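Here is the structure we will look at.
Throughout, read-outs are computed from the coordinates displayed, never taken from laboratory work. What you see is a predicted model; the values in this text were computed from it and never measured. Glycine also receives a Cβ, built like all others from the backbone with ideal geometry; neighbour counts cover every protein chain displayed.
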Amino acid sequence: MLPIARRLLPENHELVDGRLQIGGCDVIELAEEFGTPLFVYDEAHLRARCREAVEAFGDGVAFATKAFLCSAMAKLAFEEGMHLDVATGGELHVALHAGIPADRLVLHGNNKSLNELRMAIDAGVSRIVVDSFDELDRLDALHAETGVVPKVLLRLTPGIKAETHDFIATGQDDSKFGFTVSSGVAEQALARASAADSIELVGVHAHIGSQVFAVGSFGKAARVIADTAAGWDLAEMSVGGGLGVPYINDERAPTIAEWGETVREACESAGVTAQVSAEPGRSIVAAAAVTLYTVGTIKDLDGIRTYVAVDGGMSDNPRPVLYGSGYETFLPRDVGADRPRTVTVVGKHCESGDVLVRDGQLPDCVTVGDIIATPVTGAYGHSMGSNYNKVLRPAVVFVADGDARLVVRRETYDDLTRLDV
């Protein structure tokens, strides 16, 4: 098996005597300093993708924080000119705690509570993306209570089935999200929202799913929502997020710039005059990071498979368990080495399904105590992590110009009991 494809690694990496450096930092030395598992993010890579998104979609583009959120990431995205898309009161709290101005925040969510909406209105968020008639009822109640008239977009369901895993497809008619276009519900929602005194309807929104490689699907969705909103003279339209990224050697994906061009062309052909924005998340952060693990056990089951067990697992990357997602793995101490040994990389949790890489490739020389890495783990690892089996959540470091900056400390055993009463 060939070496890891270097295009899967963070942009600002290099090999020094075969060893991986990211942002001028030797990753094995990072593992020794900060321990494993460890998320290592190339800060300059993150900033470059944020700038690319702003260039592609303009000032209204928002970073989808569900992909990866901590105070340092919130500040970075804001510094690079992005709004932040938050989907819960918790994400809103983190963004505000990081010092992000409320008028740079957009609140999402298919089941926002009255308290979450009140929190957003009290803070003064820029936009609320409304997902249901029940939410419109709650906004009516809050207007009666506060007199505040928030600016909102309506999330429409365009009936576009994205070519992705069913669990992360959201644009088809059978979806928990949004107001369905094909049934006429979207028109009803537009009529109610435009007539309401409790809100100011400024635009429409759609999101067709995640990890989407066919950018033409975004164009189709843009045309559907543009047609639906054509008679309402709205100033804004968001095509959401969901652009896919390559996780394994033989995958390719469009760039953010190519995605933006496709959306612009579709909107121009549909006669859209509204400001068109988007909400990239995965495509901003995924490829910016690698996760480092320490090998603890190697089990060769003759004629069956070889298990390589590491000190993390489904608690720091649940995507393989949830979606059957594929990843590569390699030895940072010898990145250019051939990888002829087929292994299954597993975690330390008490689950047979605790698999990180089903059919991974490693050099024959892999041994207990080695640091191994999985690339393209910057999205939905930290953010979807858990404490299953009371495994401690990993630390997160940002690296740039030879310096490593701890932005999320590793949990301690005391953290596991701090909420107990």
Given axes a ≥ b ≥ c from the Cα gyration tensor, I'd like to know whether region 43-285 is rounded (a/c under 1.5), prolate (a/b larger than b/c) or oblate. oblate
Distance in nm between pseudo-label sites at Arg410 and Arg192 (7 Å out along the Cβ direction from Cα): 5.1
Add +1 for every Lys or Arg and -1 for every Asp or Glu among the other residues with Cβ under 13 Å from the Cβ of His349, and state the total. -2
³J(HN,Hα) computed for each position of region 108-124 - Karplus, 6.51 cos²θ - 1.76 cosθ + 1.60, integer Hz, glycine/proline x: 10, x, 8, 8, 5, 6, 4, 5, 5, 5, 5, 4, 5, 5, 4, 6, x
Within 10 Å of each residue's Cβ, count the other Cβ atoms and sort Thr417, Thr273 from fewest upward. Thr417, Thr273
Just check region 294-406 against the gyration tensor rule for me: Cα atoms, a ≥ b ≥ c as the square roots of the eigenvalues, rounded for a/c under 1.5, and otherwise prolate or oblate depending on whether a/b exceeds b/c. oblate
Please give the length that would be gained between Ala144 and Asp59 if that part of the chain were fully extended, namely 0.36 nm times their separation in residues minus their C-alpha to C-alpha distance (nm, one decimal). 27.4 nm
Could you list log10 I(q)/I(0) for the chain at q = 0.08, 0.13, 0.14 Å⁻¹, which the Debye formula gives when each Cα is one point scatterer? -0.46, -1.10, -1.23
Just going by the charge dipole of region 345-407, with Lys and Arg at +1 and Asp and Glu at -1 on Cβ, which of Val376, Ser386, Cys365 is farthest out on the positive end? Ser386
Spacing of the two label points (7 Å from each Cα toward its C-beta) at Asn111 and Glu200, in nm: 3.2
Rounded to whole Hz, the Karplus (6.51, -1.76, 1.60) HN-Hα couplings of region 365-374, x for glycine and proline: 7, 4, 9, 4, x, 5, 8, 10, 10, 10
From the P(r) of region 325-381, can you give the percent of Cα pairs sitting at distances over 16 Å? 44
Could you please rank Val181, Val54, placing first whichever residue has the fewest other Cβ atoms within 10 Å of its Cβ? Val54, Val181
Pairs over 32 Å Cα to Cα, from Lys66/Lys299; Lys66/Lys151; Lys112/Lys348; Lys112/Lys390; Lys176/Lys348, come to Lys66/Lys299; Lys112/Lys348; Lys176/Lys348
FRET efficiency (Asp103, Glu268; Cβ distance; R0 30 Å; to 0.05) is 0.55
Can you give the charge dipole size of the chain about its Cα centre, rounded to the nearest 20 debye, using +1 on the beta carbon of Lys and Arg and -1 on the beta carbon of Asp and Glu? 380
Net length gained if the chain between Ser352 and Asp403 were fully extended (0.36 nm per residue, minus Cα distance): 14.5 nm
Given an 8 Å cut-off on Cα distances and at least 6 residues of separation, report the relative contact order of the chain as a percent. 21
Using a simple spin-label model with points 7 Å from Cα along the Cα→Cβ vector, what separation in nm is obtained for Arg418 and Ser182? 4.8
Of the trypsin sites (Lys or Arg not before Pro) in region 378-421, those whose Cβ has at most 14 other Cβ within 10 Å and which sit in DSSP loop: Arg409, Arg418
Taking 0.36 nm per residue of sequence separation and subtracting the Cα-Cα distance, how much length would be gained by fully extending the chain between Arg19 and Ala5, in nm to one decimal? 3.6 nm
Just want the ordering: Glu187, Glu43, from fewest to most Cβ atoms lying within 10 Å of their own Cβ. Glu187, Glu43
Rounded to the nearest 5, the percent of antiparallel DSSP beta bridges in the chain equals 50
Taking Lys and Arg as +1 and Asp and Glu as -1, residues besides Ile4 with C-beta under 10 Å from its C-beta add up to +2
With unit charges on the beta carbon (Lys/Arg positive, Asp/Glu negative), name the residue among Ser238, Thr294, Ala64 whose Cα is farthest towards the positive pole of the charge dipole of the chain. Thr294
